[in-house]
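Taking it in order: structure first as structure tokens, then the write-up.
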Amino acid sequence: YEFDGVGARAVARGGAVIADSGDWTAIYWNPAGLAAAGKREGGIELRAGRMSVKDGNSFNVPTPAGVAHPFDKDRNTSGFIIGSMGAAVPLDADSAIGAGVYSPLLQGTDFSDTAPGSAVATSLDYKSYVITGVANVSYARRLTERLYAGLGVNAMYANLNSKSTIDWGAGMSPLVGVSQHNESSAEGYGIEGVAGLTYRLGERWTAGAVFRSGASIPLKGDETVELNGAFYQSSDFEYKVHHPMTSGVGLAWQARKDLKITCDVAQAWWKTYTSALTYDQPGGLLASRGNSYHWFNSVKFRLGALKRRNEKTEV
């Protein structure tokens, strides 16, 4: 889930730019960097790819006590498309504004497996996709000769859709021989605050810090269940996505005129993440559930270098 950021120059350095985000991408990395941009500029990017995840038990079904899970396929593949665009505009010699949009998550799941000999379920077909989008507006200002500060607001959107079909076996009476089809869709909005500082320690050293408040995004939608193609049950539901609070500090060292080295330590506070889901009209096959996730906070150590070859080329 963790996003690798925006801007080719930043991503190529592993995101180690908290103290060196002096262009439009500062709306994501550290809004204080906007005040150092010094000129109008903007950018747009689009990245696409496909990933394969090994995870042995994410797409199984409930089983009676002592009965093994029916599906042993342990790989899931999904495609993704992520993009961003934004701009920075100086207001005067000491301040600037920035704005942009980016999609930290736009990917899907396509999982199918069969277990002909299972008494629990003989087949499972699951498809889903999730989208999150962020629109940012930020302001930065030089407070002293060496200190810069920036504030930003993120308006967040999330959308979740899924479809699944399960063919139940004899061990799940009275569902034996039943094909169960579920469809669900939900969306929601949230607000996140961003604050950052940069401080010039000297001619060659710059320090930076950034904090994002995180956001609770209540996704509200509905789910429908069909058994053997006939309508069975439907209910509205709420699923709260706890977009994590994040924090980070960084250093940038101008080792030579043409070489800059940067390093960051960043943390995402994932312990607040939850899988709890509440149906307005629970019952039958649509039962509300509590949190089954027990995620740990994550720490990233980033190291990057930027080598200027000439006026037009950097590596």
Inset, instruction - In nm, give the distance between the simple-model label positions of Ile191 and Arg309, each being 7 Å from the Cα along the Cα-to-Cβ direction. - result: 4.7 nm
Inset, instruction - Mind telling me which of Leu303, Leu143, Leu277 comes out most flexible in a GNM of the chain, alpha-carbon contacts under 10 Å? - result: Leu143
Legend entry - Within the stretch 285-299, backbone nitrogen closer than 15 Å to the virtual label 7 Å beyond the Cα of Leu227 toward Cβ: 285-287
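Quick check: at a probe of 1.4 Å, how many percent of the accessible area of the stretch 244-315 sits on carbon and sulfur atoms?
That share works out to 58 percent.
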Legend entry - Residue with peak Gaussian network fluctuation, the chain [Cα springs, cutoff 10 Å], from Leu105, Leu147, Leu259: Leu259
Inset, instruction - Name the residues whose placed amide hydrogens come within less than 5 Å of the amide hydrogen of Ala121, ignoring near sequence neighbours (fewer than 5 apart) on the same chain. - result: Gly169
Inset, instruction - Please tell me which of these pairs span more than 29 angstrom C-alpha to C-alpha: Lys163/Lys240; Lys163/Lys300; Lys39/Lys260; Lys220/Lys300? - result: Lys163/Lys300; Lys220/Lys300
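What number, in percent, do you get for the relative contact order of the chain if the mean sequence gap of Cα pairs under 8 Å and at least 6 apart is divided by its residue count? Don't skip to the answer; put the middle values down first.
Numbers: 899 pairs, mean separation 46.1, N = 315.
Computed value for the chain: 15 percent relative contact order.
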Inset, instruction - In debye, nearest 20, what is the charge dipole magnitude of the stretch 14-86 about its Cα centre with +1 on Lys and Arg Cβ and -1 on Asp and Glu Cβ, if you could check? - result: 160 debye
Legend entry - Among Ala121, Pro70, Ala135 - extreme Cα towards positive end, dipole of the stretch 64-142, charges at beta-carbon: Ala135
Inset, instruction - May I ask you to rank Thr109, Thr262, Thr77, Thr272 by accessible area, largest first, using a 1.4 Å probe over the protein chains only? - result: Thr272, Thr77, Thr109, Thr262
Legend entry - Gaussian network model of the chain, Cα within-10 Å springs - most flexible of Pro116, Pro90, Pro282: Pro116
Legend entry - Expected 222 nm ellipticity per residue - DSSP helices of 4 or more, -39500 (n - 2.57), all of the chain, to 500: -500 deg cm²/dmol
Legend entry - Percentage relative contact order, the stretch 1-109, counting C-alpha pairs under 8 Å, at least six apart: 28 percent
Legend entry - Karplus-derived HN-Hα couplings along the stretch 204-213 (A = 6.51, B = -1.76, C = 1.60, θ = phi - 60°), whole Hz, x at Gly and Pro: 10, 10, 9, 10, x, 8, 9, 9, 10, 6
Legend entry - Signed unit charges on C-beta, dipole axis of the chain, positive-most listed residue Val6, Met51, Leu175: Val6
Legend entry - Average accessible surface area per residue within the stretch 98-173, 1.4 Å rolling probe, Å²: 44 Å²
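The values are calculated or read from the model by the stated rules, or taken from the named source; none is laboratory data. In this text the structure is predicted, and so the values were computed from the model without any measurement. Positions of Cβ are generated from backbone atoms using ideal geometry, with glycine treated the same way; all protein chains shown enter the neighbour counts. The accessibility values were calculated without ligands, DNA or RNA, using every heavy atom of the protein model including side chains. Shrake-Rupley method; radii C 1.70, N 1.55, O 1.52, S 1.80 Å.
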